[in-house]
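**Q** What follows is a single structure, and I will ask about it in a moment.
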Amino acid sequence: MKASEHASKSIKGRIHSFESFSALDGPGIRYVIFFSGCPMRCIFCHNVDMVESLPGTYNEYSVAEVIKRVERARPFFTCSRSGGGITLSGGEPFFQFEFMLNLLKECKKLKIHTVVDTNLYASPREIDTVSKWVDLFLVGLKHIDNQKHLELTGKDNTIILKNISFLDSIKKPFWLRYVVIPGITDDEKDIRQLATFLSDFNHLELVELLPYHRLGLKKWEALGKSYALPDVKPPTAEEMLRVKKVFQAFDLPVDVGDVEVLESYL
Ligand code: SF4
């Protein structure tokens, strides 16, 4: 092994946690690896304890150590008829690019289905490199309007929109995940603008609408941070269906899950 390869393999990842049985993070049953660190600062983040890589919020693992865990969980995610695998989430996996790349390569050597759940705030070169080892991207776009995106996340969305177009240009399948926040991300004009943008793509497999929730509020309190949306309520099933219909009018594949289950859960 070359010295540079050895150095790259010895890189450790800062991992917040692992979830061994998720049905919400891609197709089938997923083994989810939550990366620590994110370049964005979303005011509604439900994983705020994974954003800043504060001491005590993560542990360091080598790729081999993570793979050992993945192998132990493999019987669970491979029993899924709809095809399971691993999902890298967080936080933001691209924030630890080298570690993510090494981990994905090892997973593909083992013929494991790979998903990356990302905000795509990354360089096209990084996306291109990683994409060879990724079966599906879950792209979390926070807002189509640049100014509103900036206010919600602290970052411009220009690079993200370009990267979504780039993903499609390299023929990589992706799902677009969108959090419906009443009064903030559900304006009909904005949704139409988003649907128009998405209509151009050939490799968008699904628009996944996620209802805003406040389950992460306790994490903000535990970190001594004030939460910007304490009075915003989760959307009702009707509100979710209203947004869904806009995407359907553009002939886009869209999913809100089971809205009745959703309402009891919210
Ligand atoms: S991109 Fe995701 S992890 Fe990062 S701050 Fe936003 S919601 Fe949190």
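**Q** What Cys residues in the chain are without a partner cysteine, judged by a Cβ distance under 4.7 Å?
**A** Among the cysteines of the chain, those whose Cβ sits 4.7 Å or more from every other are C38, C79, C107.
**Q** Give me the net charge for the shell around F44: Cβ to Cβ below 10 angstrom, other residues only, Lys and Arg +1, Asp and Glu -1.
**A** +2
**Q** Can I ask one more? With springs connecting C-alpha atoms under 10 Å apart, model the chain as a Gaussian network and identify which of D187, D25, D49 has the largest mean-square fluctuation.
**A** With Cα springs under 10 Å in the chain, the top fluctuation among D187, D25, D49 is at D187.
**Q** Could you pull out every residue, at least 5 positions away or on a different chain, whose amide H is within less than 5 Å of the one on S17? Hs are placed 1.01 Å off N in the peptide plane, and Pro or chain starts have none.
**A** Under 5 Å from the amide H of S17 lie the amide H atoms of F34, each far enough along the sequence or on another chain.
**Q** With viscosity set to 0.692 mPa s and temperature to 37 °C, compute the Stokes-Einstein D of the range 20-108, Rh being the Kirkwood radius across alpha carbon pairs; µm²/s, no decimals.
**A** Using the Kirkwood radius from Cα pairs, D works out to 238 µm²/s.
**Q** Enter the angle in degrees (range 0 to 90, nearest 10) between the Cα long axis of helix 158-169 and the first principal axis of the Cα atoms of the chain, meaning the one along which they spread out most.
**A** Taking the Cα atoms of the chain, the angle to 158-169 is about 70 degrees.
**Q** Provide the per-residue ³J(HN,Hα) series for the range 206-220, in order, calculated from phi with Karplus coefficients 6.51, -1.76, 1.60 and θ = phi - 60°, each as a whole number of Hz, with x at glycine and proline positions.
**A** Rounded to whole hertz, the list is 7, 9, 9, 8, 10, x, 4, 9, 10, 5, x, 4, 4, 5, 4.
**Q** If you don't mind, there's one more thing I want to ask. Thinking of the range 3-265 as a set of Cα atoms, what percent of all their pairs are more than 22 Å apart? Walk me through the numbers before you get to the answer.
**A** Working: 19428 of 34453 pairs.
Cα-Cα pairs of the range 3-265 separated by over 22 Å account for 56 percent.
**Q** Another question about this same structure. Can you compute 3J(HN,Hα) from phi for each residue in the range 243-254, using the Karplus curve 6.51 cos²θ - 1.76 cosθ + 1.60 with θ = phi - 60°, rounded to whole Hz and x for Gly and Pro?
**A** Listing the rounded values in order: 5, 4, 4, 4, 5, 4, 5, 9, 6, 9, x, 9 Hz.
**Q** Given points 7 Å out from each Cα along the Cα-Cβ axis, report the K109 to V232 separation in nanometres with one decimal.
**A** If labels sit at K109 and V232, their model points lie 4.3 nm apart.
**Q** Hey, what's the Cα Rg ratio for the range 139-266 versus the globular rule of thumb, 2.2 N^0.38 Å?
**A** Details: Rg = 15.2 Å, N = 128, 2.2 N^0.38 = 13.9 Å.
So the Cα radius of gyration is 1.09 times the expected 2.2 N^0.38 Å.
**Q** Follow-up question, since we're still on this one. If you average 1/r over all unlike Cα pairs in the range 206-257 and invert the result, what Kirkwood radius do you get in angstrom?
**A** Radius from the Kirkwood sum: 12.8 Å.
**Q** Which trypsin sites (Lys or Arg not before Pro) from the range 97-183 combine a DSSP loop assignment with at most 16 other Cβ atoms within 10 Å?
**A** When the trypsin sites (Lys or Arg not before Pro) of the range 97-183 are filtered for loop state and at most 16 Cβ neighbours within 10 Å, K111, K132, K171 remain.
**Q** For V246, V66, V256, V116, what ranking results if the residue with the fewest other Cβ atoms within 10 Å of its Cβ goes first?
**A** Numbers: V246 17, V66 23, V256 20, V116 28.
If I rank by nearby Cβ atoms, fewest first, I get V246, V256, V66, V116.
**Q** Now a separate question. By counting other Cβ atoms within 10 Å of each Cβ, how are S89, S199 ranked from fewest to most?
**A** S199, S89
**Q** Can you compute 3J(HN,Hα) from phi for each residue in the range 18-24, using the Karplus curve 6.51 cos²θ - 1.76 cosθ + 1.60 with θ = phi - 60°, rounded to whole Hz and x for Gly and Pro?
**A** Once θ is set to phi - 60°, the couplings for the range 18-24 become 10, 10, 8, 8, 10, 10, 10 Hz.
**Q** Of the candidates I170, I86, I43, which one comes out as most mobile in a Gaussian network treatment of the chain with C-alpha springs shorter than 10 Å?
**A** Result for the chain, Cα springs under 10 Å: I170 fluctuates most.
**Q** K233: which lysines have alpha carbons under 17 Å from its alpha carbon, excluding same-chain residues fewer than 8 sequence positions away?
**A** Partners within reach: K218.
**Q** Still on this structure: Which links in K162/K245; K108/K148; K111/K148 stretch past 31 Å when you go from one Cα to the other?
**A** K108/K148; K111/K148
Since every read-out is calculated from the coordinates, none of them should be taken as a lab result. What you are looking at is a predicted structure, and each value in this text was computed from that prediction instead of being measured. Using ideal geometry, Cβ is built from the backbone for each residue, glycine included, and neighbour counts are taken over all protein chains shown.
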